[in-house]
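Working notes, beginning with the structure itself.
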Amino acid sequence: MEKFLSRLLIWGGIGFLAQFIDGTLGMGYGAFSATLLISAGLAPAIASASVHTAEIATTLVSGGAHLWFGNVKKEWLLPLIIPGVIGGAGGAYFLVSIPGDTMKPFVAGFLLLLGIIVFYRFVFRKQNPQAAPAKAGTLSRITKSPLKFPVLGFVAAFLDAVGGGGWGPIATPGLILTENQEPSKAVGTVNLAEFFVTIAISGTFIFTLGLEMFDWPLVIALLVGGVIAAPVAAFLCKKLPTRALGILIGLLLIGVNIRTLLTILL
């Protein structure tokens with residue numbers, strides 16, 4: 001019993017830390033939690049299913065807190081949610097038959113590039129990022145494209161289901177880079193939209209794997225830790241300076257994905 005309670009406390013702490021990072025920087029819950037679960041011996045599909053089931057509650061509390069603190073841009077929600085639900089369900093179904101590890105180096109490389117771009121944008125640009133016009137060329141064309149939100153939502157949710165994390169790391173910098181808004185708006189909107197995407201992913205896993213495949217004490221421990229951290233993280237996201245938040249997001253992307261690539265290659 002003592003060993004079991006210690007295990008619950010450890011997983012609860014992981015859930016708290018993961019949600020604190022996710023709620024503040026707009027990414028990290030799935031990637032952080034799934035990485036530890038897989039390293040502990042869980043199959044990628046079971047790890048992703050456990051994390052996403054716990055995220056139903058954490059994303060609801062986190063998204064609601066971001067909405068309360070004014071971090072959500074409501075006109076972005078449906079264009080992200082609808083394709084995100086489709087992509088998430090498709091990714092979960094795909095993962096059950098294809099190991100998610102085969103896609104990790106490609107996803108990590110892409111996210112590393114995004115991290116470098118976000119970091120450069122907020123460190124070296126002199127003007128206020130939320131007031132800066134989009135650069136000419138590719139970024140400008142992406143900003144004007146009506147397919148921007150559906151593509152971003154679908155790809156982020158698909159990779160999130162396959163890799164156990166990816167919705168935040170792709171959707172958050174994607175919005176920051178193409179919308180020229182303060183990072184807190186991107187973080188808050190992505191967190192709220194993630195609730196609906198998570199329901200689709202979890203429902204697909206439950207349908208394909210069966211309830212008996214889940215480690216429910218683990219899911220509950222992750223859930224409780226995340227729910228406690230969610231409102232605190234949303235409040236800090238509102239208070240952090242725009243430039244500092246953008247730099248932190250860039251550094252998180254760079255650090256996590258360099259580690260992922262080194263782990264795969266070495």
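What follows draws every value from the coordinates through simple rules; no lab data is involved. Note that the structure is predicted; figures quoted are calculated from it, not measured. Positions of Cβ are backbone-derived with ideal geometry, glycine not excepted, and every protein chain shown enters the neighbour counts.
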>> As a test of the formula, what do you get for the chain when each DSSP H run with n ≥ 4 contributes -39,500 (n - 2.57) and the sum is divided by the residue count, at 222 nm and rounded to the nearest 500 deg cm²/dmol?
In response: -27500 deg cm²/dmol
>> Could you work out the relative contact order of the range 158-266? I mean the mean sequence separation of Cα pairs under 8 Å and 6+ apart, divided by the number of residues, in percent.
In response: 28
> For GLY28, what charge total do you get from the other residues with a beta carbon under 13 Å from its beta carbon, if Lys and Arg give +1 and Asp and Glu give -1?
Replying inline: -3
> Can you give the relative contact order of the chain as a percent, counting alpha carbon pairs under 8 Å and 6+ residues apart?
Replying inline: 42
>> Between THR208, THR53, THR178, where does the largest GNM mean-square fluctuation fall for the chain, given springs only between Cα atoms within less than 10 Å?
In response: THR208
>> Averaged across orientations, what area in nm² does the convex hull of the alpha carbons in the chain project?
In response: 13.5
>> Quick one: 3J(HN,Hα) in Hz for the range 245-254, Karplus 6.51/-1.76/1.60 with θ = phi - 60°, rounded, Gly and Pro as x.
In response: 5, x, 5, 4, 4, x, 5, 4, 4, 5
>> Could you list LEU262, LEU113, LEU245 so that the one with the fewest beta carbons within 10 Å of its beta carbon is first and the one with the most is last?
In response: LEU262, LEU113, LEU245
